[in-house]
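What follows is a set of notes on a single structure, which appears directly below.
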Amino acid sequence: MSSRYDMYSARYPLLPLKNVVIFPKNVVTLLIGKTRSIQAVEDAMSRDRKIVVVSHSEVGVDDPEPEDLHDVGTLAEVVSIEHQQGGNIQVALEGLHRVNVIQWDAARPFYTVKAEEAVESPAESNEAQTLVNHLQELARQYQESKNAFGADAFDMIQATHEPSHLSDLLTTQLIRDAAQRQAFLENLDPCQRLELLAVHLTKDLDLAALEQRIKDRVREQIDKNQREYYLREQLKVIHDELSGEGGNEIEQLRERVKERGMPESMEEKVLKEISRLERMPSVSAEGTVVRNYIDTVLALPWSEESQDRLDLDVAEKQLNDDHYGLDHVKERILEFLAVRKLTSERGTSGASILCLVGPPGVGKTSLGASVAESMNREMVRVSLGGVRDEAEIRGHRRTYIGAFPGRIINAMKTAGTVNPVILLDEIDKMASDYRGDPAAAMLEVLDPEQNHAFNDHYLDAPYDLSRVLFITTANSLSHIPRPLRDRMEIIEISGYTEHEKTEIGRRHLLPKQTDIHGLESDRIEIPEKIWHRLIREYTREAGVRNLERQVAAVCRKVAAGVVKGRRKRMRLTEARLAEFLGPARYGFEHQFTENQVGVAIGLGTTDIGGELIPVEVAVMPGKGNLTITGQAGDVMQESARAALSYARSRAEALGIEPDFQEKVDIHIHLPEGATPKDGPSAGITMATALISALSKRPVRADVAMTGEITLRGRVLPIGGLKDKTLAAHRIGIRRLIAPSENERNYVDVPEKIAAQVEFIWVDNMDQVIAQALDFTEQPEEIDPTLKEQLSHVAADESVSEISDVSISDGDVAQY
């Protein structure tokens, strides 16, 4: 365009803006994303860069019609345009002058308008100059009070003497509401606009003065408290300087850090925390968190170490004094200590981590304490039972309120040395949930390749656990994750025999309980015969924990009699045992004293040792249905079906009707139905009871058996022979049928028990039937080969070994 008046015959693309008003001589940068608006800008660029900008009259309308837009806008020039990612453009517009839109055209994808310049009213020179000077003075005061203008904008305000330009410039700096800015744009009287701005600035200055007066009054009120606070802090510093301890508490902390012998990186980290603490107010909550962290780090052992005593003679004496029996376990611990001694002399770490596995009450925890005492080390017990949160092991991060270190770091703080014995009790009782897996966190603790730089979340720095001797305990290996199990040396502890329990009670439990109950050591005398009755009739366990409770009950009765003056010494007799403890809870001899048809005695193992579990079979008229009750697991039910199939395949040889399954229903029941049971080694027991019920031959009541059966009648090896033998001996059974392949496990059975139990090793079910059934009255129909075998019962007494049975979840009895 050659002149301003050419616009009367020109059309311009229209750019509608929401909540934005552009004034003449005002440069604004916009980000434009709508297609119509982008096309309008590009059309202006293709012509003379001129575009009309108007504001929405209806803010909620996204695609405005002419009636949704103001008629007064600004003719602007496109200064620059820059394309952005996503198809948007960034455009800079400079306002030229006000315009009135007089015609709208929607023929193109965007609006084009015909606009004419809005001519402003002329201003009287003296009045206008006075208003300009007044506004500039108010702007200067406003800038001093609130510093609201940028440096460049303030300079322009002070340098501008044209009323229209000054009013537009101040409007862009002071007015934020879009409706008010549009009103100022539509006002064509510069002096009137200046007057409105003067009123606006005067109100803001009055409010600023009021705020300042309020601040001054508040400051006067708190000055007294601040003065007292500063004086108290000065007195504190003076007191610290004059104290005989030398220096204030912060300096004392720094000295303690340097004396602790921490690694350089840890020392630097703690000194930074102390510097933070120094700058914090004493009543700050964050200061309390930092101080707790510093105290925790200073309480940890960094260089304190106890002198190891790796004397095997001393260790052996300590183990023998504290524990009776467990010869194999003691031997393995002494071997462990020997390796520890040799590797420590060479400056290496070759000894593994011990894991003591066995039923409750067999002395796992006390064995760990004996090892610590024999090595002259501090011992800390960490109970892991029920731990479900990984933070219990690794600690909580200090971002959480009430954060604290994990159990391992707390154990080190309790021990006070860098080489204690840490007993991780009940490691098989850990569980995982949404808070993490503590067993996975234990991998780092128990791995010698990693624990030299154990990272506790609370410490947020590596801590060396390589010199710690870890001993773990568990009741069941099956509950320990395999990666964790692979990092430990497993030592299995079986249940005690009756003789061992008697000696433990006499040597350890009775002296301990008399001391606890304030009795002299010779107040109570318990003959060996009474010990046997106490163990047989009042306890049923693999360990001695319940036996100790019964001894404690006797001691309480004696203590009450001593206090009442009735007795000074007491010899426990059978009558007094019943008086003190009540009637017998268990029978020594099992309940099957007579040979019975369809009842065989099986043996199983649980978390607390071996158990006797009979199998009962009932045969009744029916159509060949097989029912199994007593909470038998899947494996045990499969064994029952295998036993039935074997009986059908050998029916003629066993004197059983070949078509019996078409005429009868069979019910197999495992007593104590509330206890889940599973495992394959009940196979020969169920087969024996089943054949007994079908052939009407009774099973010998003095025989217990264990073994897995195949369809062809082979007897396969089982697990837990030692525990099962102890269980049979405990209830009075002296004949035990077991697979021949288990002869190699016979060495695990205690000699005194083995001498009293007759082991019958078998390879097939024919041998089991020959030994288990009562053939005093031979049935008419019987296979001649089997009859000949029955008359020459194998009496081979050789014995063997067995691998340990795996224990399933809960109290599931494993056959």
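Per-structure values
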{"read-out": "Subset of the stretch 668-681 (residues that are farther than 17 Å from I760 by Cβ and surrounded by 20 or more Cβ atoms within 10 Å (Cβ to Cβ))", "value": "I668, L670, K677, D678, G679"}
{"read-out": "Pair list, Cβ under 6 Å, 6 or more apart: the stretch 35-62 residue under 16 Å from P109 (Cβ atoms) and touching a residue at least 12 places away in the same chain (Cβ under 8 Å), other residue part of a helix (DSSP H, G or I) and hydrophobic (A, V, I, L, M, F, W, C)", "value": "I51/A44"}
{"read-out": "Residue count for the stretch 699-752, restricted to those that are in contact with a Lys or Arg (Cβ under 6 Å, 6 or more places away or on another chain), open to solvent by 20 Å² or more (accessible area, probe 1.4 Å) and not in a helix (DSSP H, G or I)", "value": "1"}
{"read-out": "Tally of residues being among the hydrophobic types (A, V, I, L, M, F, W, C), open to solvent by 60 Å² or more (accessible area, probe 1.4 Å) and not in a strand (DSSP E or B) across the stretch 61-111", "value": "2"}
{"read-out": "Among the candidates E195, E220, E162, residue that is among the charged types (D, E, K, R) and over 21 Å from E137 (Cα atoms)", "value": "E220"}
{"read-out": "Output for the stretch 640-654, where each listed residue is open to solvent by 10 Å² or more (accessible area, probe 1.4 Å) and closer than 15 Å to A687 by Cα", "value": "R641, A642, L644, S645, R648, S649, R650, A653"}
{"read-out": "Residue list for the stretch 627-637, restricted to those being surrounded by fewer than 16 Cβ atoms within 10 Å (Cβ to Cβ) and in contact (Cβ under 8 Å) with a residue 12 or more places away in the chain", "value": "T627, T629, D634"}
{"read-out": "Residue selected from the stretch 742-783 under the condition at pLDDT below 80 and hydrophobic (A, V, I, L, M, F, W, C), by the criterion nearest to the chain's Cα centre (by Cα)", "value": "F775"}
{"read-out": "Subset of the stretch 42-60 (residues that are under 17 Å from L30 (Cα atoms) and open to solvent by 40 Å² or more (accessible area, probe 1.4 Å))", "value": "E42, M45, R49, K50"}
{"read-out": "Filter result (at negative phi, out of contact with any strand residue (DSSP E or B) (no Cβ under 8 Å at 6 or more places or on another chain) and assigned to a loop (DSSP other than H, G, I, E, B)) within the stretch 372-426", "value": "V387, H396, R397, R398, T399, Y400, I401, A403, F404, T417, V418"}
{"read-out": "Residue ID - most open to solvent (accessible area, probe 1.4 Å), chosen from residues in the stretch 16-30 that are in contact (Cβ under 8 Å) with a residue 60 or more places away in the chain and not β-branched (V, I, T)", "value": "K25"}
{"read-out": "Lone unmet requirement of (1) part of a helix (DSSP H, G or I); (2) closer than 17 Å to V297 by Cα; (3) not basic (K, R) for A369", "value": "(2)"}
{"read-out": "Unmet criterion (only one of (1) closer than 30 Å to L166 by Cβ; (2) crowded, with 16+ Cβ neighbours inside 10 Å; (3) out of contact with any helix residue (DSSP H, G or I) (no Cβ under 9 Å at 6 or more places or on another chain)) for Y12", "value": "(3)"}
{"read-out": "Yes/no for A208 being over 26 Å from V72 (Cα atoms), touching a helix residue (DSSP H, G or I) at 6+ places or on another chain (Cβ under 6 Å) and surrounded by fewer than 20 Cβ atoms within 10 Å (Cβ to Cβ)", "value": "yes"}
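Yes/no per residue for (1) in a helix (DSSP H, G or I); (2) modelled with pLDDT of 85 or more; (3) open to solvent by 40 Å² or more (accessible area, probe 1.4 Å):
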{"position": "S121", "(1), (2), (3)": "no, no, yes"}
{"position": "N133", "(1), (2), (3)": "yes, yes, yes"}
{"position": "Q141", "(1), (2), (3)": "yes, no, yes"}
{"position": "E144", "(1), (2), (3)": "yes, no, yes"}
{"position": "F149", "(1), (2), (3)": "no, no, no"}
{"position": "A153", "(1), (2), (3)": "yes, no, no"}
{"position": "M156", "(1), (2), (3)": "yes, no, yes"}
{"position": "H161", "(1), (2), (3)": "no, no, yes"}
{"position": "Q182", "(1), (2), (3)": "yes, yes, no"}
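Conditions (1) over 27 Å from G610 (Cβ atoms); (2) at pLDDT 85 or above, marked per residue:
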| position | (1), (2) |
| --- | --- |
| A640 | no, yes |
| A643 | no, yes |
| Y646 | no, yes |
| S649 | yes, yes |
| Q661 | yes, no |
| D665 | yes, yes |
| L670 | no, yes |
| D678 | no, no |
| A682 | no, yes |
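Yes/no matrix, rows are residues, columns are (1) touching a strand residue (DSSP E or B) at 6+ places or on another chain (Cβ under 8 Å); (2) surrounded by 17 or more Cβ atoms within 10 Å (Cβ to Cβ); (3) assigned to a helix (DSSP H, G or I):
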position: D428; (1), (2), (3): yes, yes, yes
position: A441; (1), (2), (3): no, yes, yes
position: E444; (1), (2), (3): yes, yes, yes
position: I491; (1), (2), (3): yes, yes, no
position: H499; (1), (2), (3): no, yes, yes
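Listed here are the residues, each with its yes/no results for (1) surrounded by 13 or more Cβ atoms within 10 Å (Cβ to Cβ); (2) in contact with a helix residue (DSSP H, G or I) (Cβ under 7 Å, 6 or more places away or on another chain); (3) within 30 Å of R540 (Cα to Cα).
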| residue | (1), (2), (3) |
| --- | --- |
| S306 | yes, no, no |
| L310 | yes, yes, no |
| A315 | yes, yes, no |
| I333 | yes, yes, yes |
| S344 | yes, no, no |
| L354 | yes, yes, yes |
| G363 | yes, no, yes |
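The values are calculated or read from the model by the stated rules, or taken from the named source; none is laboratory data. Note that the structure is predicted; figures quoted are calculated from it, not measured. Cβ sites come from the backbone with ideal geometry, for glycine too, and all protein chains shown count toward neighbours. Surface accessibility is based on the protein's heavy atoms, side chains included, excluding ligands, DNA and RNA. Shrake-Rupley method; radii C 1.70, N 1.55, O 1.52, S 1.80 Å.
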